[in-house]
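Structure record follows, encoded as structure tokens.
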Amino acid sequence: MTSYVIKDVAILDGKPTDIVIKDGVIAEIGNGLSADQTIDGSGCVALPGLVDLHTHLREPGREDAETVLSGSRAAAMGGFTAIHAMANTNPVADTAGVVEQVWRLGQAAGLVDVRPVGAVTMGLEGTALAELGAMADSAAAVRVFSDDGKCVHDAALMRRALEYVKAFDGVVAQHAQEPRLTEGAQMNEGVVSGKLGLAGWPAVAEEAIIARDVLLAHHVGSRLHICHLSTAGSVEIIRWAKSRGINVTAEVTPHHLYFTDEVVETYDPIFKVNPPLRTKADVEAVRAGLADGTINIVATDHAPHPSEDKDCEWTAAAFGMTGLESALSVVFETMVQTGLMNWAAVADRMSVAPAQIGRVSSQGQPIAVGSPANLVIFDPRVSQEVDARKTVSASRNTPYAGRTLPGKVVATFYRGTPTVLNGELNA
Amino acid sequence: MKHLLSAADLGYDDAILILDTAKQLAAATEQGVGKLPPLRGRTVVNLFYEDSTRTRISFEAAAKRLSADVINFSAKGSSVSKGESLKDTALTLEAMGADAVVIRHNSSGAPHRLANAGWISGGVVNAGDGTHEHPTQALLDAFTLRNHLRNGDGDLKGVNVTIVGDVLHSRVARSNVLLLNTLGAKVRLVAPPTLLPYGIEDWDCEVSYDLDASLEGSDAVMMLRVQRERMNAAYFPNAHEYSSRYGLNVTRMNRLAESAIVMHPGPMNRGMEISADVADSDRSVIVEQVANGVSVRMAVLYLILGGSESK
């Protein structure tokens, strides 16, 4: 196995040093080191390989939008070494068979750890529990369960799911959306929706479910995770729940850190996403919540769609945007360049904490001798204009197209092998 | 003026130019000179994804009176019903050489998309999109108000217009609030709180839940259509209660100033938001609104398709 040395790279916020990668682990850290192949890391930052708790890979069922392989490639380009494949495929990942299929496809791709998420309810229909234990016991060893795309809105069913997954240290990741309050909803309910005449998705529809579910998790003593938290009120509820000792974690997406609902004034469906882009006050609140740890992690909610589902009128378009390839740059711009977080905090929110929530043992480890060599080398000095035609994902629905984002992933190492080298996919 | 997508696109001078042009075109039409020649050889497509009688006929009459060739494209009985996308329909119209597309669509923002997505090069006129806007309706309302309250000249400074009904789902209300403000009028919206959009307090208008308290001082009352199916979604208890609290009946009409007019964009629900006696009264200018619609749409098409007074 080829050994690599990354020269003069800063480990998180530290001073420049050399890192030697050999036989799948970090073999040496220090000055004046050498190896078979040398990578210039001067000016760059080394972070533990990123872990995404929320990725839509679309396989099986919508291979025209993304496959496990194309999504793995996009993940590697973004600096990820582990991703969690959401369950809303066709067929739904609600049996051991489907999660094992996705897991095997991930192994075959071999670019990141692909951890399947199991559905909470059969067919995501919200009426009967899926075979949670069978999925947990399968080769895929599922630990995260989610009906993402739909809310587990039945309170009794949610309670049972929270209780049941305790048997195998699982977690229910809730897509918090009260369905009756969001019928036909197209965008955030606010001043902009009133002006544009698009049906509103009120903040309360998210907050009401989160409030209910933290109380349920408290009552049954379970672990709860909240997907793509998007409102200031949700941050307040999570903060309150944590102050009470409730075992809840939460994620925010890069796009909710970056955009406000004012971009919807273009009526360009590239900005149509669920939960919707919110107001400036919400963006400030989720940034503050991520900085102070109320929100534990950044998760991409990478949601690829073919162009025909976006090159149309707003209400006909699909919800969702891609995010794997841009996530680190967006977090850099919104959280690091603003002075809200340092690189150690970025490593925590994008690698350490998501690996813990997903129970991914070999990921999110400190950059230290003996750790598995899952690493990303990021150059914060350059910036690049996002070109949707050049995405590695099979879909082009990036909301950052035409915008300039700071920083660039120079290299990604997955179990000691470079999946990205010199900013190019190495696979 | 390249497109007309929103009443917000119209500055004061643009709005006055359209109204003055409409006035001239109406006068020319009344003189019985027959068809006017300015749009000869130009093609206007009426692309209607929603059923609409009066707006489509109004645009068709406007284009024909200016000698344009008119193609009516309705979603029923066309490839749209076979699932063709707006993009492909737009590309087809572009290939056929449409100079302007008049679009009515149930999706808010569809005209905006048609104009800005790079699918077509011609002008786009919004003939009503979802619950967003209906700018030519606002123009014909302004034209009607100006004729009755300002002798057909200038702007609407100091005119008090009360708009009553389902503001939440009304593209007519949105366009009117924008345009009437541009022309100097004062707008008051009256509706049950359930039928007002979130964030209405940021709009440039007064808001009231009480119709009776809003009649005095109104120079014009514009009643909006309320769809009966709204009561199934709990916006109000039933048609009778709506009508008694927010309907315009003769008792309420008699409390209006002598000179005040009653308007309705149509189609009316007689007995719901407006009583038949009011609709047919001397105060009602509803039929006149329809006639003015043709003149205003002539002006819009004329200015968009490169009429000599266009910028």
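The values are calculated or read from the model by the stated rules, or taken from the named source; none is laboratory data. Being a predicted model, the structure only gives us computed values, none of them experimental. When we count neighbours, we look across all protein chains shown, and the Cβ atoms used for this are built from the backbone with ideal geometry, even at glycine. To get the accessible areas, we keep the full protein, side chains included, count just its heavy atoms, and leave off ligands, DNA and RNA. Shrake-Rupley method; radii C 1.70, N 1.55, O 1.52, S 1.80 Å.
The figures follow:
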{"item": "Residue among A:A208, A:A217, A:A161, A:A173 that is assigned by TED's automatic domain parsing to the domain that holds A:N247 and open to solvent by 30 Å² or more (accessible area, probe 1.4 Å)", "result": "A:A208"}
{"item": "Residue count, the stretch A:221-235 (criterion: out of contact with any Ser or Thr (no Cβ under 9 Å at 6 or more places or on another chain) and either open to solvent by 10 Å² or more (accessible area, probe 1.4 Å) or not assigned by TED's automatic domain parsing to the domain that holds A:F259 (or both))", "result": "2"}
{"item": "Lone unmet requirement of (1) within 14 Å of chain B (Cβ to nearest Cβ); (2) in contact with a helix residue (DSSP H, G or I) (Cβ under 6 Å, 6 or more places away or on another chain) for A:A316", "result": "(2)"}
{"item": "Qualifying residue in the stretch B:159-175 (condition: under 30 Å from A:S307 (Cα atoms), within 9 Å of chain A (Cβ to nearest Cβ) and either open to solvent by less than 40 Å² (accessible area, probe 1.4 Å) or β-branched (V, I, T) (or both))", "result": "yes"}
{"item": "Subset of the stretch A:379-424 [among the acidic types (D, E) and open to solvent by 20 Å² or more (accessible area, probe 1.4 Å)]", "result": "A:E385, A:D387, A:E424"}
{"item": "The lone exception for B:M231 - which of (1) surrounded by fewer than 17 Cβ atoms within 10 Å (Cβ to Cβ); (2) in contact with a His (Cβ under 6 Å, 6 or more places away or on another chain) it fails", "result": "(2)"}
{"item": "Residue that is most open to solvent (accessible area, probe 1.4 Å), among those in the stretch B:127-149 that are over 11 Å from B:S175 (Cβ atoms) and within 14 Å of another protein chain (Cβ to nearest Cβ)", "result": "B:T131"}
{"item": "Strands (runs of 3 or more DSSP E) (entirely within the stretch A:1-79) containing at least 2 residues that are open to solvent by less than 10 Å² (accessible area, probe 1.4 Å)", "result": "A:4-11, A:16-22, A:45-48, A:50-55"}
{"item": "Pick from the stretch A:320-346, criterion open to solvent by 20 Å² or more (accessible area, probe 1.4 Å) and touching a helix residue (DSSP H, G or I) at 6+ places or on another chain (Cβ under 9 Å), ranking: nearest to the other protein chains (Cβ to nearest Cβ)", "result": "A:E325"}
{"item": "The stretch A:287-332: number of residues that are of a type in the set (A, V, I, L, M, F, W, C) and touching a residue at least 60 places away in the same chain (Cβ under 8 Å)", "result": "12"}
{"item": "Members of the stretch B:176-206 that are over 17 Å from the mean Cα position of the chain (by Cα), of a type in the set (G, A, S) and buried (at least 23 other Cβ atoms within 10 Å of the Cβ)", "result": "B:A191"}
{"item": "Enumeration of residues in the stretch A:161-203 that are over 18 Å from A:E313 (Cβ atoms), under 24 Å from the mean Cα position of the chain (by Cα) and within 10 Å of chain B (Cβ to nearest Cβ)", "result": "A:N188, A:P202"}
{"item": "Residue, nearest to A:D309 (Cα to Cα), within the stretch A:348-396, restricted to residues that are under 16 Å from the mean Cα position of the chain (by Cα) and assigned to a loop (DSSP other than H, G, I, E, B)", "result": "A:S393"}
{"item": "Subset of the stretch A:251-297 [part of a strand (DSSP E or B), over 18 Å from A:Y400 (Cβ atoms) and either within 14 Å of chain B (Cβ to nearest Cβ) or among the hydrophobic types (A, V, I, L, M, F, W, C) (or both)]", "result": "A:I297"}
